Amino acid sequence: MFKRILCATDGSKRSTHAVKTAAAVAKGTGAALVLLHVSPAYSTPYYPDGVMIDWPSEKDYKRDCKAETEKLFEREGQVARKAGVDVETLHVFGDSPAESILNSTKKSKADLIVMASHGRKGFEALLLGSETQKVLARATTPVMVVR
């Protein structure tokens with residue numbers, strides 16, 4: 001049925017639950033599991049003249065993001081490996097997590113996206129938006145939302 005499953009994770013409890021679900025589906029279908037983490041793209045803040053701030057270089061920022069993502073992949077990978085599934089990892093930088101997830105789905109040739117919903121409702125959902133909602137609205141690949 002599915003050959004490659006992409007599971008987006010941010011390290012939250014809900015996304016760890018999504019990884020468990022994705023691993024179970026991968027195990028049941030014999031699919032490969034690709035864990036994806038999207039780090040915010042590097043940007044420097046704008047400060048008016050006379051304001052001093054020590055901002056990391058792009059090189060340092062990316063190094064630190066990669067180190068934290070490796071820790072995340074180690075934790076989440078253990079969850080998937082306990083289910084008996086081999087795991088591939090993909091780390092990308094982007095301004096829009098939803099856009100990065102959709103692009104990574106194509107790049108990894110995934111035929112299923114699994115991701116968590118944080119369950120925001122009402123004004124909070126309106127104010128913060130939902131990356132899951134954005135993926136659902138634009139995906140041409142099936143999406144499994146885990147709550």
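Just so it is clear, none of the values below were taken in a lab; they were calculated from the coordinates. Owing to the predicted nature of the structure, the values given are computational and were not obtained by experimental measurement. Neighbour counts run over all protein chains shown; Cβ positions are idealised from the backbone, glycine included.
Quick check: the distance between the Cα centres of the range 1-65 and the range 72-105, to the nearest angstrom?
After rounding, the separation between the Cα centres reads 7 Å.
Run down the lysines and flag those whose C-alpha is under 30 Å from the C-alpha of Lys66, throwing out any fewer than 8 positions away in its chain.
Lys3, Lys13, Lys20, Lys27, Lys82, Lys106, Lys107, Lys109, Lys134
For a quick check: with amide H placed at 1.01 Å from N, whose amide H comes under 5 Å from Lys3's, ignoring anything fewer than 5 positions away on the same chain?
Asp111
Order of Val79, Val114, Val145, Val135 from fewest to most other C-beta atoms within 10 Å?
Details: Val79 18, Val114 28, Val145 15, Val135 22.
Ordered by Cβ neighbours within 10 Å, fewest first: Val145, Val79, Val135, Val114.
Pairs of Cα atoms under 8 Å, at least six residues apart: use those to get the relative contact order of the chain, whole percent. Could you put the intermediate results ahead of the total?
On the way: 229 pairs, mean separation 51.3, N = 147.
This gives 35 percent for the chain.
In which sequence would Met144, Met1 go, from the one with the fewest C-beta neighbours within 10 Å to the one with the most? Walk me through the intermediate numbers first.
Numbers: Met144 15, Met1 9.
Exposure proxy ranking, most exposed first: Met1, Met144.
Which shape class, rounded, prolate or oblate, goes with the range 53-124 when its Cα gyration tensor gives a ≥ b ≥ c as root eigenvalues, a/c under 1.5 marks rounded, and past that a/b bigger than b/c marks prolate?
On the way: a/c = 1.61, a/b = 1.20, b/c = 1.33.
Oblate shape, in that a/c is at least 1.5 and b/c is the bigger or equal ratio.
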